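Step one of this worksheet: look at the structure below.
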Ligand SMILES: [Zn+2]
Ligand SMILES: [Zn+2]
């Protein structure tokens with residue numbers, strides 16, 4: 001507080017980190033964000049990037065997609081939406097299903113039966129993570 005210069009510098013760093021997370025739909029981890037900023041921000045550390053992203057997450061400016069291949073991945077798009085995760089390359093893709101496809105409605109009905117017998121917890125479809133192989137990994141597998 002007593003050093004406005006330092007605060008301004010700090011918030012500039014914060015702004016840059018948030019801007020990088022929001023600039024991509026690739027759902028980056030802290031390392032990816034750090035790699036993009038390290039040459040622009042001398043003295044920046046991976047720990048600083050990670051700490052700031054976690055602060056953004058707590059503030060609701062950034063969402064966590066969860067840990068994929070040992071690294072927590074983040075999303076600049078904070079409204080809940082389903083994700084597709086490639087089990088081969090770790091790619092995270094927004095899966096924009098405007099409403100529940102019919103086959104999933106059936107699955108959700110079954111799940112509701114299960115949750116009812118277990119105390120009626122609620123499953124939020126918008127936060128669903130689908131696992132599989134992305135188009136590129138399918139292609140790589142079929143041409144190999
Ligand atoms: Zn893939
Ligand atoms: Zn997303």
(Q) Take the residues in the stretch 123-144 that are within 20 Å of residue 63 (Cα to Cα) and out of contact with any strand residue (DSSP E or B) (no Cβ under 7 Å at 6 or more places or on another chain); name whichever of them is nearest to ligand 1 (Cβ to nearest atom). (A) 128
Q: List every residue pair whose Cβ atoms sit under 8 Å apart, with the two residues 6 or more apart in sequence or on different chains, where the first one lies in the stretch 12-30 and is free of Cβ contacts under 8 Å to residues at least 40 places away in the same chain and the second, anywhere, is more than 16 Å from ligand 2 (Cβ to nearest atom) and assigned to a loop (DSSP other than H, G, I, E, B).
A: 13/41; 13/44; 16/40; 16/41
Q.
Just to be sure before I move on: is residue 23 over 24 Å from residue 130 (Cβ atoms), modelled with pLDDT of 95 or more and within 15 Å of the chain's Cα centre (by Cα) in the structure I sent?
A. yes
Q: Report the residue count in the stretch 21-36 for those that are within 16 Å of ligand 2 (Cβ to nearest atom) and surrounded by fewer than 20 Cβ atoms within 10 Å (Cβ to Cβ).
A: 6
Q. In the stretch 76-111, what residues are in contact with a strand residue (DSSP E or B) (Cβ under 8 Å, 6 or more places away or on another chain), within 16 Å of ligand 2 (Cβ to nearest atom) and closer than 27 Å to residue 140 by Cα?
A. 82, 83, 84, 85, 86, 90, 91, 92, 93, 94, 95
**Q.** Wholly within the stretch 46-144, strands (runs of 3 or more DSSP E) carrying at least 3 residues that are modelled with pLDDT of 95 or more and surrounded by 13 or more Cβ atoms within 10 Å (Cβ to Cβ)
**A.** 71-75
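The values are calculated or read from the model by the stated rules, or taken from the named source; none is laboratory data. Small disclaimer: the values here were computed from a predicted structure and weren't measured. Neighbour counts run over all protein chains shown; Cβ positions are idealised from the backbone, glycine included.
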